[in-house]
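Please read the structure below before turning to the comments.
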Amino acid sequence: MSDLPIAPGFRLDGLRALVTGASRGIGRAAAVALAAAGAEVVLAARALDESEATAAALRAEGHAATAIALDVTDRAAVRAAVAAQKPFDILVNNAGTNIREPFLEVRDHSFDALIDLNLRAAFTVAQAVAQGMAAAGRGGAIINMSSVNGHVAGINRSVYTATKHALEGLTKGMVAELGPHGIRVNTICPGFVETPLTKGLLADETFRISQSRRMPMGRILTVEDLMGAVVFLASPASAMVSGCSLVIDGGFLVQ
């Protein structure tokens, strides 16, 4: 009988996953990664047509995927939507945004919008899904999509930075309380990623070059660079990983 250790797998067969902000960008890539690893994926977003198109493409490749329309800033709608589903085993709490304004010029509605989506909505979704996980008694994995700005500041990003620091703190609190239920909670902290949200900024070639030069790896991140991390944190391969901030930034933070 061999006494070799048995490597845990990265497959997610038989598990159900919810991804918010799944219509495009990082959320869409996360949903594709989870489905490819075998999970049954529910893509949640306000833009139902876009998320349904992704779900249809996944189904065409033999994966299990459905799309639901959901505004995560609507607390009652979030709780109703999660309650209407079977319990989830995985949550990628991805919905978020940024409004770039100098600190001295931040408008009230910008502040409120960032707090509402990046923090309050993230809390509401995580709480609703975690309640279902705890009741089901199977444990689970929650991935809060944070940012390098959850660790360092950024110019014209004071409020965004505040929300991501708060999300890091929320994650730590969740780790302490949800661990006894077998629920792991981690963050992924991307550097600058090329997405529809950043497309306008990166259209400026000078800006693109300057950002690339700040990365020791020499390029802007793509959504594909985050997909492996999503699967890892959702899978049995990270069975004892909880409270981790997985930074994926091409080495940006070491400089």
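Each reported figure results from applying straightforward, stated rules to the coordinates on display, with no laboratory input. Predicted, not measured: the structure shown is a model, and the values here were computed from it. In this analysis, Cβ positions are derived from the backbone assuming ideal geometry, glycine residues included, and neighbour counts consider all displayed protein chains.
Do we have any residue at all in the range 100-120 that's in a loop (DSSP other than H, G, I, E, B), over 20 Å from E177 (Cα atoms) and among the hydroxyl-bearing types (S, T, Y)? No, the range 100-120 has no match at all.
Condition check ((1) in contact with a Leu (Cβ under 9 Å, 6 or more places away or on another chain); (2) without any contact (Cβ under 8 Å) to a residue 12 or more places away in the chain) across all residues:
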position: L15; (1), (2): yes, no
position: V19; (1), (2): yes, no
position: I26; (1), (2): yes, no
position: E40; (1), (2): yes, no
position: A44; (1), (2): yes, no
position: D71; (1), (2): no, no
position: L91; (1), (2): yes, no
position: N98; (1), (2): yes, no
position: E105; (1), (2): no, yes
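Is it fair to say L233 is touching a residue at least 12 places away in the same chain (Cβ under 8 Å) and touching an Asp or Glu at 6+ places or on another chain (Cβ under 7 Å)? The answer is no for L233.
Helices (runs of 4 or more DSSP H) fully within the range 143-255 that include at least 3 residues being hydroxyl-bearing (S, T, Y) and under 16 Å from the mean Cα position of the chain (by Cα): 158-178. Residues that are surrounded by 18 or more Cβ atoms within 10 Å (Cβ to Cβ) and among the basic types (K, R) within the range 171-225 comprise just one, R184.
Annotation: of all residues in the range 7-32 being touching a Ser or Thr at 6+ places or on another chain (Cβ under 8 Å) and in a helix (DSSP H, G or I), the one that is nearest to E50 (Cα to Cα) is R28. Scanning the range 133-142 for residues that are surrounded by fewer than 19 Cβ atoms within 10 Å (Cβ to Cβ) and assigned to a helix (DSSP H, G or I) gives A134, A135, A136.
Here's a check for you: in the range 36-49, which residue that is over 22 Å from T124 (Cβ atoms) and touching a Lys or Arg at 6+ places or on another chain (Cβ under 9 Å) is surrounded by the most Cβ atoms within 10 Å (Cβ to Cβ)? Per the stated criteria, the residue is A39.
Filter the range 107-123 down to residues that are over 14 Å from the mean Cα position of the chain (by Cα) and in contact (Cβ under 8 Å) with a residue 24 or more places away in the chain and give me whichever is nearest to N144 (Cα to Cα). That would be R120.
Within the range 57-73, the set of residues being among the charged types (D, E, K, R) and either crowded, with 16+ Cβ neighbours inside 10 Å or in contact with a Ser or Thr (Cβ under 9 Å, 6 or more places away or on another chain) (or both) comprises R59 only.
Reported count of residues in the range 33-54, each being under 21 Å from A229 (Cα atoms) and either touching a Ser or Thr at 6+ places or on another chain (Cβ under 6 Å) or hydroxyl-bearing (S, T, Y) (or both), is 4.
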